[in-house]
Amino acid sequence: MELFLFGTLLHMPLLEAVSGDADVAGKVSWAKREDYSVRRVAGQVFPMMYPDAGAVAEGIIVAGLDDTALARLDYYEKAFGYNREHFTVIDADGQPREVTAYLPEPDRWQPAEPWDREGWIATMGEVTVMTAHEAMSVMATMTAPEMGQTYPQMMARASSKQRARSSGQGAGYDSSDVDLIVARQQHVGFYNVEEVDLAFRRFDGTMSEPVNRTVFIGVDCAMVLPYDPVRDRVLVVEQFRTGAYLRGDPNPWTIEPIAGRIDPGEGPEEAARREALEEAGIEIGALKCVSAAYPSPGTTTEHFFVYIGLCDLPDGTAGIGGAPQEDEDIRSYVMDWAAFDTALNAGEFRLLPLLVAGHWLARNRDTLRASA
């Protein structure tokens, strides 16, 4: 049975990555389904087909896929609640053709506005293809629903790689001076752990002997320390941290700036503002960039964008926040500058990004207050 595609898989690099068929672009032809439109799924970036009298859902017919390619496509689509169903389309010659297409489970998704395919390709195409390579690599070890649950984190990892590739190159050696011999995924899930054998160029110009390294594959994060320059107040948050607990810390609740991962299609500043609303219910005005740096590049790919966020912190701002669907339980505190500065210099804070942001604020506080 021929396959009709109308959504993200019209992007040929993605169709190749998912199907595993490098020649799939030569197996497609134009087609349409009448009285249907293609609409973005509410709350998502991918589309669904929706009954719409007088409209036309344009797509392609893919013919000649083998069983392996179809199994891969089924796996990918089932991760998002889509299954193949039979219906009729009109082909490029105006003739009816019996096809199957991926349609969502009843009531799984709700339609929004008409889907902008070109806009999606421009903003999400590359990162979705990057994500698909990881998603398809777990086909033998994860069920489709399990992969679907992990997919947002896969996409966040891909987005972090995409962001890293667009960063400026410094002087000296670059990634071409590294010889990746083999990479092995030791753990795949919400976070990944990857083991690599590689060689790198030494400062004398020679290549090193092969070395073995294991790295925690994290994502880019935005962190913001809210500061009210009029009231001269800072807001910090406190939450339980598993890493501190597993280290054996008798107090695994840490004082921190507001922080969270940068979602695909989102910039660091957008993420900082979103997290401030989610974790503390506050709106951030101007953002002052403190740093964009690695916390520990020898062991993790994580990259932190740290900001001071100017805002209003009136009495009653502090409270309990966080995203329940992420099992977050976050308490916020508003501290007068004198109390915060005393704790900062007394070494009472135990999170490096908070120390970096706090000391930057101490150096620039007078300027921020003068311009408030």
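Limited to region 36-76, what total is found for residues that are open to solvent by 60 Å² or more (accessible area, probe 1.4 Å), out of contact with any Asp or Glu (no Cβ under 9 Å at 6 or more places or on another chain) and under 21 Å from VAL89 (Cβ atoms)?
Number of matching residues: 2.
Name the residues in region 12-32 that are touching a residue at least 60 places away in the same chain (Cβ under 8 Å) and either farther than 18 Å from TYR75 by Cα or surrounded by fewer than 18 Cβ atoms within 10 Å (Cβ to Cβ) (or both), would you? Even if it seems obvious, please write down each step before you answer.
Narrowing region 12-32 to residues touching a residue at least 60 places away in the same chain (Cβ under 8 Å): 13-14, 17-18, 20, 29-31.
Matches in region 12-32: PRO13, GLY20, SER29, TRP30, ALA31.
What number of residues in region 245-263 are open to solvent by 10 Å² or more (accessible area, probe 1.4 Å) and in contact (Cβ under 8 Å) with a residue 40 or more places away in the chain?
5
Has region 155-172 got any residue that is part of a strand (DSSP E or B) and in contact with a strand residue (DSSP E or B) (Cβ under 7 Å, 6 or more places away or on another chain)? Even if it seems obvious, please write down each step before you answer.
Keep residues of region 155-172 that are part of a strand (DSSP E or B), which gives none.
No - not one qualifying residue is present in region 155-172.
Considering region 300-325 alone, what residues qualify as being at pLDDT 95 or above, assigned to a loop (DSSP other than H, G, I, E, B) and under 26 Å from the mean Cα position of the chain (by Cα)?
THR301, GLU302
For residues that are within 15 Å of THR141 (Cβ to Cβ) and either without any contact (Cβ under 8 Å) to a residue 12 or more places away in the chain or β-branched (Val, Ile, Thr) (or both), scanning just region 185-201, find the one that is most open to solvent (accessible area, probe 1.4 Å).
HIS187
Run ALA158 past the list (1) touching a helix residue (DSSP H, G or I) at 6+ places or on another chain (Cβ under 8 Å); (2) aliphatic (A, V, I, L, M); (3) open to solvent by 80 Å² or more (accessible area, probe 1.4 Å) and report the number of the one that doesn't hold.
ALA158 satisfies every listed condition except (3).
Can you tell me how many residues in region 321-342 are touching a residue at least 60 places away in the same chain (Cβ under 8 Å) and closer than 20 Å to ARG231 by Cα?
So the count comes out to 7.
Cβ-Cβ under 9 Å, sequence separation 6+ or interchain: first residue in region 88-114 and among the small types (Gly, Ala, Ser), partner loosely packed, with under 15 Cβ neighbours inside 10 Å. Which pairs?
Listed by first residue and then by second, the contacts come to ALA92/SER29; ALA92/TRP30; ALA101/GLU85; ALA101/HIS86; ALA101/PHE87; ALA112/ALA42; ALA112/GLY43; ALA112/GLN44.
If the Cβ limit is 6 Å and pairs must be 6+ apart or interchain, which residue in region 133-144 that is buried (at least 17 other Cβ atoms within 10 Å of the Cβ) pairs with which residue that is of a type in the set (A, V, I, L, M, F, W, C)?
Filtered contacts from region 133-144: GLU134/MET154; ALA135/MET147; ALA135/MET154; VAL138/MET147; VAL138/VAL188; ALA144/ALA79.
Considering every residue within region 116-124, establish whether at least one is out of contact with any strand residue (DSSP E or B) (no Cβ under 7 Å at 6 or more places or on another chain), of a type in the set (Val, Ile, Thr) and at pLDDT 95 or above.
Initial filter on region 116-124 (out of contact with any strand residue (DSSP E or B) (no Cβ under 7 Å at 6 or more places or on another chain)): 116-124.
Those still in the list that are of a type in the set (Val, Ile, Thr) too: 121, 123.
Applying the additional criterion that residues be at pLDDT 95 or above yields 121.
Yes, some residue in region 116-124 is out of contact with any strand residue (DSSP E or B) (no Cβ under 7 Å at 6 or more places or on another chain), of a type in the set (Val, Ile, Thr) and at pLDDT 95 or above.
Out of region 271-303, which residues are open to solvent by less than 30 Å² (accessible area, probe 1.4 Å) and within 12 Å of ILE258 (Cα to Cα)?
ALA271, ALA272, GLU275, ALA276, GLU279, ALA280, ILE282, ILE284 - these are the residues of region 271-303 that are open to solvent by less than 30 Å² (accessible area, probe 1.4 Å) and within 12 Å of ILE258 (Cα to Cα).
Tally time: how many residues in region 207-237 are open to solvent by 30 Å² or more (accessible area, probe 1.4 Å) and more than 30 Å from GLY125 (Cβ to Cβ)?
10
If I filter region 83-123 down to residues being buried (at least 20 other Cβ atoms within 10 Å of the Cβ) and under 22 Å from the mean Cα position of the chain (by Cα), which single residue comes out as farthest from TYR151 (Cα to Cα)?
The residue in question is TRP115.
What do you reckon, is MET130 out of contact with any Lys or Arg (no Cβ under 9 Å at 6 or more places or on another chain) and crowded, with 17+ Cβ neighbours inside 10 Å? Break it down into steps so the answer makes sense when it comes.
Numbers: out of contact with any Lys or Arg (no Cβ under 9 Å at 6 or more places or on another chain): no; crowded, with 17+ Cβ neighbours inside 10 Å: yes.
Criteria not met by MET130.
Which of the residues spanning region 334-349 are more than 32 Å from the chain's Cα centre (by Cα) and aromatic (Phe, Trp, Tyr)?
If the condition is that a residue be more than 32 Å from the chain's Cα centre (by Cα) and aromatic (Phe, Trp, Tyr), then TRP337, PHE340 are the ones that fit.
Check GLU328, GLU266 and return the single one that is closer than 19 Å to LEU354 by Cβ and either open to solvent by 40 Å² or more (accessible area, probe 1.4 Å) or under 22 Å from the mean Cα position of the chain (by Cα) (or both).
After ruling out the rest, the residue left standing is GLU328.
The values are calculated or read from the model by the stated rules, or taken from the named source; none is laboratory data. What you see is a predicted model; the values in this text were computed from it and never measured. Glycine also receives a Cβ, built like all others from the backbone with ideal geometry; neighbour counts cover every protein chain displayed. Only protein heavy atoms, including side chains, enter the accessible area calculation; ligands, DNA and RNA are left aside. Shrake-Rupley method; radii C 1.70, N 1.55, O 1.52, S 1.80 Å.
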